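Beneath this line is the structure, given in structure tokens, with notes to follow.
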Amino acid sequence: MEQPNILWIYIEDQDPRYGCYGEPLVDTPHIDALAQSGIVFERAYSPAPVCSPSRSAVITGSYAIRNGTHVQRSSRFPGEEIYLPEGQKTIPELFRDAGYFTFNRGKDDYNFANDRSALYSTGNDPKTPDGKVNGGVGLQSGSGRFEDCPDDMPFFAQIQTNGGKDGYSADQARRVLQELGVDDPQLVDSDDVVVPPQYPDIPEMRDMVADQLSTMLISDILVRDMLQEVRDMGRWNNTVIFLVSDHGALFPRAKQMCYEEGLHVPLIIAAPGMPSLREKIEPGTRRREPVATLDIGATSLLLASIDVPDYMDTRDLLSGSQREHVLSARDRCEWVVDRTRSVMDERYHYIRNYMTDRPVYQTNFRFRWPAVIQSEAMYAKGELTEAQAAPYGPRPAEELYDLETDPHELVNLADQPDHQPVLYEMRGLLDIWIDDTDDRGQYPETKEALIATKRLFGKFCVDPLFDGLEV
């Protein structure tokens with residue numbers, strides 16, 4: 001078999017609530033058809049609940065806490081660059097070495113210094129603000145196209161879409177869908193949504209849920225158009241497609257948080273035009289065990305018969321041997337200082353909080369959202385439930401949730417006597433991971449990195465960590 005083309009469709013900030021995941025309020029026929037032609041992973045989890053550490057981990061095949069790429073939007077100014085260990089190559093570099101044409105259409109957002117032309121064969125005219133590296137806060141963005149690929153070369157392509165990142169209002173979503181050729185968009189009505197119990201059921205929150213669901217309609221049309229591009233270039237019969245998100249949706253306790261909803265993402269692998277791969281990628285398959293999106297790297301390489309280097313943490317999702325636990329990490333997100341680690345298994349989710357004095361809802365972008373503004377006012381009046389109020393106060397050092405009985409993670413079991421054996425096991429697994437990776441989050445950041453952050457985000461840097469730093 002000739003080497004297959006590999007296409008990664010990267011949808012930002014979107015949780016698994018397409019039709020194929022059982023969401024009744026959204027019509028996503030093109031994503032659903034792709035899912036039916038391959039494997040749907042019902043419990044896929046990101047290595048980090050925020051953009052750049054997640055993307056840095058996936059593109060290097062290694063945990064961000066191992067490579068030092070764990071801090072959101074780091075390595076953005078001269079003098080504070082982060083370099084991968086000598087000799088380590090990224091996933092696209094390995095594909096290029098194997099004779100592939102590579103490109104990324106959309107943002108990179110990698111937390112390490114890189115020569116983009118070493119990763120990608122084309123589209124290397126990134127929009128990079130003056131005086132910054134890796135795109136700064138404006139982000140580096142590639143412009144690769146399928147038509148640039150020579151007919152005699154297989155391709156490895158990454159295509160990014162905004163997904164739920166923009167948090168479109170109903171009017172904005174309707175306009176975007178009409179621009180994409182949908183004459184009469186049927187958006188999600190806020191009266192029809194179910195607000196998860198970790199949030200107050202208020203009109204602002206209903207609007208937020210409805211708006212996020214409506215972004216999935218946009219994602220579906222964009223996926224339709226991408227797949228048509230593959231057909232139009234005559235590559236459909238030799239292309240493996242990965243559809244994945246970088247982390248959970250833009251909800252208050254999701255994106256940037258190591259809760260289940262911040263880490264849980266869609267993951268679909270399909271090769272609808274390749275009957276030769278049906279033993280590996282059987283149409284209509286649903287996988288229910290927890291898996292790591294970190295592993296799309298090894299899976300892609302091995303489908304192309306490219307060896308996975310020993311220095312990578314990524315594994316093959318299509319082999320018989322799977323992970324028993326999925327590990328994730330969150331560190332400083334731009335101006336919001338934090339450190340959290342997560343272990344997930346078939347049933348339980350363990351979270352370790354290192355900065356218990358800081359609430360989950362620190363001062364960050366969330367406080368611009370109407371739903372959060374109203375929720376905070378309700379908190380001040382004592383109108384929230386205990387679970388809804390918890391993110392506003394100090395955190396416990398450890399959290400343990402039974403995802404079978406408590407999928408929204410409302411009841412912390414860490415102090416309950418009958419759950420101590422599970423707690424001890426999860427605690428030990430996390431300690432092993434920290435030791436194995438020499439978790440870079442346990443070491444202080446450099447003064448240069450903090451100054452660079454303060455230079456980028458200015459007045460938002462209110463954490464004591466930034467006190468006294470001159471920019």
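No lab work stands behind these numbers, since they all come straight from the coordinates. From a predicted model like this one, the values you see are computed outputs, not experimental measurements. Heads up, the Cβs are rebuilt from the backbone with ideal geometry, glycines too, and the neighbour counts pull from every protein chain shown.
Data for the structure
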read-out	value
From the coordinates shown, P(r) over Cα pairs in 20 Å bins from 0, in percent corresponds to which of [x] 24, 51, 24, 2; [y] 22, 54, 22, 2; [z] 24, 60, 16, 0	[z]
Karplus-derived 3J(HN,Hα), 6.51/-1.76/1.60, for each residue of region 308-318, Hz, glycine and proline x	8, x, 5, 6, 8, 8, 5, 10, 7, 6, 9
Neighbour-count order for 258, 149, fewest beta carbons within 10 angstrom listed first	149, 258
Label-point separation in nm, residue 237 to residue 151, each point 7 Å along Cα→Cβ	1.5 nm
HN-Hα J in Hz across region 52-59 - Karplus 6.51, -1.76, 1.60, θ = phi - 60°, x for Gly and Pro	5, x, 5, 5, 5, 5, 5, 6
Difference of contour (0.36 nm per residue) and Cα-Cα distance, residue 385 to residue 204	63.4 nm
Neighbour-count order for 281, 31, fewest beta carbons within 10 angstrom listed first	281, 31
In region 291-349, the GluC sites (Glu not before Pro) that fall in loop regions by DSSP, at most 11 other Cβ within 10 Å	324
Residue-span extension gain [residue 469 to residue 310] - 0.36 nm each, minus C-alpha spacing	53.2 nm
3J(HN,Hα) from dihedral phi, region 430-438, Karplus parametrisation 6.51/-1.76/1.60, rounded to Hz, x for glycine, proline	5, 4, 4, 4, 4, 5, 5, 8, 6
Label-point gap, in nm, between residue 416 and residue 182 - each point 7 angstrom along Cα→Cβ	4.1 nm
Pairwise label distance in nanometres, residue 374 with residue 447, each label 7 Å out on the Cα-Cβ vector	4.7 nm
Amide H within-cut-off set for residue 43, under 5 Å, with H built and near neighbours excluded	291
Restricting region 223-292 to GluC sites (Glu not before Pro) in coil, as DSSP defines it, with at most 12 other Cβ within 10 Å	279
Magnitude of the charge dipole, region 340-466, Cβ model with Lys/Arg +1 and Asp/Glu -1, debye to 20	1100 debye
Shape of region 340-466, Cα gyration tensor, a/c cut at 1.5	oblate
DSSP bridge orientation in the chain - percent antiparallel, rounded to nearest 5	55 percent
Relative contact order for the chain, counting Cα pairs under 8 Å that sit 6 or more residues apart, in percent	22 percent
Dipole in debye (nearest 20) - the chain, about Cα centre, beta carbon charges: Lys, Arg +1; Asp, Glu -1	840 debye
Tensor-based shape of region 1-124 (alpha-carbon gyration tensor, a/c under 1.5 rounded, otherwise prolate or oblate)	oblate
Region 22-62 versus region 149-210: alpha-carbon centroid distance in Å	15 Å
Residue (of 284, 16, 227) at the positive-pole extreme of the chain, dipole from beta-carbon charges	227
Other-chain or far-sequence residues with amide H under 5 Å of residue 355's (modelled H)	339
